[in-house]
C-alpha cells in the first residue's frame, strides 16, 4: 500500500542544523518534482531553545504534521525526542542521534529513561552515534544532521533519491564546507545496522 504523503519531524536544540536540513530536503524535493511544504517552530527552553522542523511531501494542505501522523522523527538530541512523541504512532520510525545535551539547572534524563518512554509509542527506534562519529572522522559534530540524512536515505526511510539530496547539499551548503558535508552524507549512507 503506497501512501499519498510523507510526514517528517526534525527536532533538536538551536545550533544543530535543523533549518539547514529543512532547506536541503526542500531543494531535493523540488528537483525531484515532489509537492512539499515545510515549517519551523521554536520553543523557549533554557538551553538555547528547542527547534522543531516539520517537512511534508505529497498531497498536503498544511505545513504542520498532524498529531500521530509522523512517518519519521529525526532527532538530533535524545531528550528532545520526547517532545516529538505527540506526532508518533506505532508505525513511526524514530531515528535518534545518540547525544544528550545537559539542561542547566535541571535533572537530565539518561538514555535508558528516554528510550523507555519512546517505546510506549513505537518500537521502530534506530539510535545512531552520529555526533561521536562526525567528531571522530571530521572533527565537526555539527555534521551529525547531514550524516543522519545520509543514513535515512541509505536505509530507505526517507523517500528522496540520493542524487537529488547530494545536489541539494551542493546548493545549500557554503562552498568551503561542501566537501566535508558530502563525505558525512556518504558515510551515513554506508553505516550498517547492528
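Only the coordinates and a few stated rules stand behind these numbers; no lab work does. Please read these numbers as outputs of a predicted model, since none were measured by experiment. Every residue, glycine among them, receives a Cβ derived from its backbone with ideal geometry; neighbour counts consider all protein chains shown.
Structural remarks
- Net length gained if the chain between residue 139 and residue 39 were fully extended (0.36 nm per residue, minus Cα distance): 33.0 nm
- Full extension of the chain between residue 89 and residue 115 gives 7.9 nm of extra length, using 0.36 nm per residue less the Cα-Cα distance.
- Label point distance in nm, residue 100-residue 179, each placed 7 Å from Cα along Cα→Cβ: 3.8 nm
- Among 56, 83, 23, residue whose mean-square fluctuation peaks in a GNM of the chain (springs only between Cα atoms under 10 Å): 83
- Global form of the range 75-163, assessed from the alpha-carbon gyration tensor, a/c cut-off 1.5: oblate
- Calculated diffusion of the chain, Stokes-Einstein form, Kirkwood radius summed over Cα pairs, 10 °C and 1.306 mPa s, µm²/s: 95 µm²/s
- Calculated FRET efficiency for the pair residue 107/residue 163, C-beta based, R₀ 41 Å, to 0.05: 0.35
- Computed over the chain with a Gaussian network model linking Cα atoms closer than 10 Å, the most mobile of 107, 129, 32 is 107.
- Among 26, 116, 131, the residue with the largest mean-square fluctuation in a Gaussian network model of the chain, with springs joining Cα atoms closer than 10 Å, is 116.
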